[in-house]
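The values are calculated or read from the model by the stated rules, or taken from the named source; none is laboratory data. All of these numbers come straight from a predicted model, not from anything done at the bench. All Cβ positions, even for glycine, are placed from backbone atoms using ideal geometry, and neighbour counts span all protein chains on display.
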Amino acid sequence: MGGVSLTPQEGEHVSALDLARWQFGITTVYHFLFVPITLGTSFLVAIMQTMWVRTGNDAWLRLTKFFGKLFLINFAMGVVTGIVQEFQFGMNWSEYSRFVGDIFGAPLAVEALLAFFLESTFLGMWIFGWDRLPKKVHLASIWLASIGTTLSAYFILAANAFMQHPVGFHVNPVTQRAEMDDFIQVLTQNTAVIAYLHTMTSAFLVSGTLVAAVSAFLVMRNNDNAVLGKTLRMGAVVALVAGLGVAITGDIDSKIMVNQQPMKMAAAEAEYETERGADFSLLTIGTLDGEETTFELKIPKLLSFLATGDFNGEVKGINDLEQEYTAKYASTGLKGSDFSPTIPVAYWTFRLMIGLGFLAILWALWMLWATRGGRTPKGKFAYKSAMWITLAPLLGLSSGWMFTELGRQPWIVFGQMTTASAVSPTVTSFDVIVSMVIFTVLYGVLAVIEVGLLLKTIKQGLPAANDVKVVEGNQPLTFAY
Amino acid sequence: MSYELLQQIWFVLIAVLWIGYFVLEGFDFGVGILLRTLGTNEAERRTLLTTLGPLWDGNEVWVLTAGGATFAAFPEWYATLFSGFYLPLMLILVALILRGVAFEYRSKHGDPVWRKRWDLAIIVGSFLPALLWGVAFGNIVRGVEFAEKSATGGFLYAGGLLPLLNPFGLLAGLVTLTLFMTHGAIFVSLKTDGDLRYRARDLAVKIGLVAAVLAVVFLLWAQLAYSDKVWTWAPVLLAAVCWLAALYMVRAGREGWAFVLSALTLALAVVALFGMLFPNVMPSLDRSLGGLTIYNASSTETTLKIMSLVALVMVPIVLVYQSWTYWVFRKRLTAAQIPSPEAGILDGVH
């Protein structure tokens with residue numbers, strides 16, 4: 001395998017690289033706070049509206065309008081921060097774009113054509129079409145927008161899967177560019193399929209928790225579960241089922257990862273030595289440098305089982321992998337510990353991902369119990385938990401992505417191109433500082449405004465039955481910007 | 001189909017995507033810039049924004065598609081252009097973020113300060129891209145000075161921001177700015193009624209005449225200095241004719257025709273510029289030094305074939321359903337239809 005490596009020649013480029021990595025991290029993690037909520041909540045709102053159209057029960061219409069408002073406040077942020085994503089590969093990672101453009105550009109273009117047009121056009125129809133469209137056409141528009149969001153997720157995750165496990169290509173020895181052999185393989189490789197399933201189930205875990213938490217908060221505040229009790233249970237069931245899906249797909253994903261990126265798994269466990277029957281580390285107090293550990297809580301042989309499906313299976317350690325990679329990827333000029341990611345980051349993000357995900361599942365389970373037979377959840381703790389719980393699966397999902405991307409380092413395309421050689425050679429540290437400061441300040445301000453609007457919308461609560469009546473061809477408009 | 005033909009088809013398709021983008025988001029930039037010029041009170045401003053409401057996001061997808069398609073079909077172009085024009089592109093992105101959020105959040109509160117701030121975001125957020133896309137395209141047609149090649153043989157533009165601010169580039173920016181403002185005013189005259197409609201008509205003619213002068217100077221300059229083709233005279237002259245016809249029609253109160261003609265003008269201007277460029281996509285300022293062309297910047301034949309298949313199926317479908325939304329929201333809006341314009345959805349919530 002040939003690797004392209006560009007050793008930075010000037011000191012300036014080294015810091016421009018670090019800055020570009022920070023900027024990509026900030027803009028992408030931020031963008032992906034809104035995306036999972038969009039992916040799951042769009043479908044949940046579509047289901048609520050379907051219930052209204054099928055049953056004629058106005059309670060579902062009020063719920064659709066209420067959660068629709070929350071969904072749209074979030075969706076706007078997802079859309080505008082997504083624009084940056086389409087261009088920043090070229091802006092900050094031009095050498096990467098040159099190297100993978102023949103393969104990576106295609107799913108991005110298809111995503112725009114197939115998914116972005118669908119979601120944005122039909123969402124526009126949905127927002128402004130309440131009194132302009134026949135009921136069923138209007139219902140179809142939220143479903144089409146939802147399908148658009150999930151299609152978009154598939155194509156971008158297939159593109160990301162190519163970075164984790166490049167397939168269906170060869171490197172042209174003359175141009176040093178990756179060239180497409182098999183697009184179907186790029187789109188359907190197991191890395192892409194499992195990443196999609198794991199991300200979608202996670203998105204439903206986040207969204208189910210969000211809907212249940214908002215409902216629970218209002219149910220407890222107003223001591224009235226007549227309407228919001230429906231979505232409290234609906235959200236909790238979705239979170240529970242999706243949580244189960246997250247666990248199953250996560251397990252399959254980790255086995256694929258051990259096979260394709262063994263270093264990432266070793267880093268997740270801070271597993272320095274290759275061993276059979278490896279223990280799964282729950283928590284460690286210490287430096288995670290493989291030397292001294294003050295305290296470690298372990299489950300015997302579980303790591304081997306998770307990684308290989310056999311309690312005595314062999315799990316490769318960081319030290320052996322570093323040696324192996326030094327020989328295998330000599331052309332990159334990297335050696336030894338250059339080939340491992342930052343171990344404490346990989347170790348802790350992996351644990352946060354799992355821990356926070358489980359927390360959400362437990363909460364959903366508790367809410368189902370607390371609402372059995374038409375009961376209302378009670379107590380200060382339940383009330384507080386409803387206010388905060390959504391952050392758990394959301395930050396868990398963020399941690400999972402930080403683990404996936406930071407755990408792949410030093411590679412931008414595993415085994416093919418290092419991140420250091422992918423950065424734009426002409427973009428100076430000054431340029432990146434300017435853009436990073438502007439994006440960060442802007443994103444910070446918008447986050448405060450967005451959260452403020454969400455909280456106010458939640459506090460405002462369900463719209464009254466009279467306020468949501470849909471009259472076709474209505475004048476004045478039921479909704480205006 | 002030969003590889004060369006595929007590369008040419010993709011050059012044409014990228015031009016088509018930019019036509020779609022300029023024709024569609026062109027008018028919503030224009031309406032955004034004129035938000036407080038045409039909208040003299042809250043009811044009028046909200047009428048203006050509501051005419052854009054169901055459409056702006058779909059319009060914006062055209063530029064995402066143009067970006068994605070350039071990445072897929074001409075990765076070297078995508079890499080050189082966007083890393084080279086780094087700061088102006090960043091400004092465009094910031095502007096697009098601001099205006100997108102502003103559309104969605106503005107009417108949540110009735111507080112005049114809140115609304116004024118979002119109006120500023122919409123005006124600046126529409127003004128900057130309307131100007132900067134022109135500057136970018138002007139400089140592409142003019143050519144740039146490349147530094148040495150990258151480690152993997154890519155063309156590198158290392159000039160930064162200042163060399164882009166040359167007279168030709170700046171003129172191009174003023175041309176897109178004034179064209180979009182006029183196009184937006186024509187859209188308002190087509191989509192609203194009453195006083196707003198008539199003021200939009202008058203303003204369209206006024207800005208349109210300024211745009212006419214700027215555009216004619218720009219296109220003649222481009223044709224004489226940067227075109228090696230005779231046939232590009234045709235779209236240049238046709239664009240001028242269409243533009244004057246558009247202004248005549250809007251004055252005569254035929255807003256539908258005026259809008260079609262101003263859209264046609266934008267399309268012809270893009271055709272002229274891409275025609276002058278062909279087969280270059282990013283030439284050197286000194287043409288003898290070469291530069292990026294559709295032949296050295298493109299993807300492989302395999303990728304172009306796959307993408308052609310996708311485009312062949314998807315573009316017509318997209319056009320059908322997007323046109324349908326324009327049909328659904330075809331009716332004129334009046335300020336009287338905006339329910340309690342000064343009130344915000346979240347007023348009174350603490």
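Descriptive notes on the structure:
- Restricting the stretch B:141-185 to residues that are within 14 Å of chain A (Cβ to nearest Cβ) and outside any loop (DSSP other than H, G, I, E, B), the residue that is surrounded by the fewest Cβ atoms within 10 Å (Cβ to Cβ) is B:Leu162.
- Boolean, B:Ala267 is away from chain A (no Cβ under 14 Å), of a type in the set (Gly, Ala, Ser) and surrounded by 14 or more Cβ atoms within 10 Å (Cβ to Cβ): yes
- Residues that are within 20 Å of A:Pro166 (Cα to Cα) and either not aliphatic (A, V, I, L, M) or not in a helix (DSSP H, G or I) (or both) are absent from the stretch A:355-368 altogether.
- Residue check, B:Leu24 without any contact (Cβ under 8 Å) to a residue 40 or more places away in the chain and either surrounded by fewer than 23 Cβ atoms within 10 Å (Cβ to Cβ) or of a type outside the set (D, E, K, R) (or both): yes
- Answer from A:Asp279, A:Asp320, A:Asp310 - the residue that is among the acidic types (Asp, Glu) and within 25 Å of A:Leu334 (Cα to Cα): A:Asp320
- Qualifying residue in the stretch A:131-138 (condition: closer than 17 Å to A:Leu72 by Cβ, within 20 Å of the chain's Cα centre (by Cα), at pLDDT 95 or above and more than 7 Å from chain B (Cβ to nearest Cβ)): no
- Complete set of residues in the stretch B:269-301 that are outside any strand (DSSP E or B) and without any contact (Cβ under 8 Å) to a residue 40 or more places away in the chain: B:Ser288, B:Gly290, B:Thr300
- One residue stands out among those in the stretch A:156-183 that are among the charged types (D, E, K, R) and in contact (Cβ under 8 Å) with a residue 24 or more places away in the chain: the one that is farthest from the other protein chains (Cβ to nearest Cβ), which is A:Arg177.
- Filter result for A:Phe87 (facing chain B (nearest Cβ under 8 Å), touching a residue at least 12 places away in the same chain (Cβ under 8 Å) and of a type in the set (A, V, I, L, M, F, W, C)): no
- Search result, residues across the stretch B:139-169 that are at positive phi and out of contact with any Ser or Thr (no Cβ under 6 Å at 6 or more places or on another chain): B:Gly153, B:Gly160
- Test: residue in the stretch B:255-268 that is over 29 Å from B:Val205 (Cα atoms) and under 20 Å from the mean Cα position of the chain (by Cα): no
- Residue in the stretch A:294-304 that is closer than 22 Å to A:Phe414 by Cα, of a type in the set (A, V, I, L, M, F, W, C) and out of contact with any Ser or Thr (no Cβ under 6 Å at 6 or more places or on another chain) present: no
- Residue list for the stretch A:321-359, restricted to those being of a type in the set (Ser, Thr, Tyr), out of contact with any helix residue (DSSP H, G or I) (no Cβ under 7 Å at 6 or more places or on another chain) and surrounded by 14 or more Cβ atoms within 10 Å (Cβ to Cβ): A:Tyr329, A:Thr332
- Helices (runs of 4 or more DSSP H) lying entirely in the stretch A:258-336 (those with 3 or more residues that are touching a Phe, Trp or Tyr at 6+ places or on another chain (Cβ under 6 Å) and without any contact (Cβ under 8 Å) to a residue 60 or more places away in the chain): A:302-308, A:318-328
- Any hit, the stretch B:220-240, residues being under 23 Å from B:Arg332 (Cβ atoms) and of a type in the set (D, E, K, R): no
- Considering the stretch A:106-210, the qualifying helices (runs of 4 or more DSSP H), each wholly inside and each with 1 or more residues that are closer than 30 Å to A:Phe67 by Cα and among the charged types (D, E, K, R), run over A:117-128, A:135-164.
- Residue in the stretch B:80-103 that is away from chain A (no Cβ under 11 Å) and touching a Gly at 6+ places or on another chain (Cβ under 9 Å) present: no
- Failed criterion for B:Ser284 (all others in (1) within 11 Å of chain A (Cβ to nearest Cβ); (2) of a type in the set (Gly, Ala, Ser); (3) surrounded by fewer than 19 Cβ atoms within 10 Å (Cβ to Cβ) hold): (1)
- Scanning the stretch B:254-277 for residues being of a type outside the set (S, T, N, Q) and in contact with a Ser or Thr (Cβ under 8 Å, 6 or more places away or on another chain) gives a total of 5.
- Some residue of the stretch A:49-64 being away from every other protein chain (no Cβ under 14 Å), among the aliphatic types (A, V, I, L, M), in contact with a Phe, Trp or Tyr (Cβ under 6 Å, 6 or more places away or on another chain) and surrounded by 20 or more Cβ atoms within 10 Å (Cβ to Cβ): yes
- Single match in A:Thr457, A:Thr428, A:Thr390 (criterion: within 23 Å of A:Ser15 (Cα to Cα) and crowded, with 18+ Cβ neighbours inside 10 Å): A:Thr428
- Checking B:Trp133 against (1) away from every other protein chain (no Cβ under 14 Å); (2) buried (at least 24 other Cβ atoms within 10 Å of the Cβ); (3) not β-branched (Val, Ile, Thr), the condition it does not meet: (1)
- Selected residue (only one of B:Thr40, B:Thr65 is in contact with a Leu (Cβ under 9 Å, 6 or more places away or on another chain), surrounded by fewer than 23 Cβ atoms within 10 Å (Cβ to Cβ) and either under 20 Å from A:Glu119 (Cβ atoms) or without any contact (Cβ under 8 Å) to a residue 12 or more places away in the chain (or both)): B:Thr40
- The residues of the stretch B:186-199 that are more than 20 Å from the chain's Cα centre (by Cα) and more than 14 Å from every other protein chain (Cβ to nearest Cβ), listed by number, are B:Gly194, B:Asp195, B:Leu196, B:Arg197, B:Tyr198, B:Arg199.
- Qualifying residue in the stretch A:437-444 (condition: more than 12 Å from every other protein chain (Cβ to nearest Cβ) and in a helix (DSSP H, G or I)): yes
- On inspection, B:Asp119 passes the criterion of being within 14 Å of chain A (Cβ to nearest Cβ) and either in contact (Cβ under 8 Å) with a residue 12 or more places away in the chain or surrounded by fewer than 16 Cβ atoms within 10 Å (Cβ to Cβ) (or both).
- Screening B:Asp202, B:Asp193 for residues that are of a type in the set (Asp, Glu) and either free of Cβ contacts under 8 Å to residues at least 24 places away in the same chain or more than 25 Å from B:Trp327 (Cβ to Cβ) (or both) leaves exactly one candidate, B:Asp202.
- Test: residue in the stretch B:325-339 that is of a type in the set (Phe, Trp, Tyr) and in contact (Cβ under 8 Å) with a residue 40 or more places away in the chain: yes
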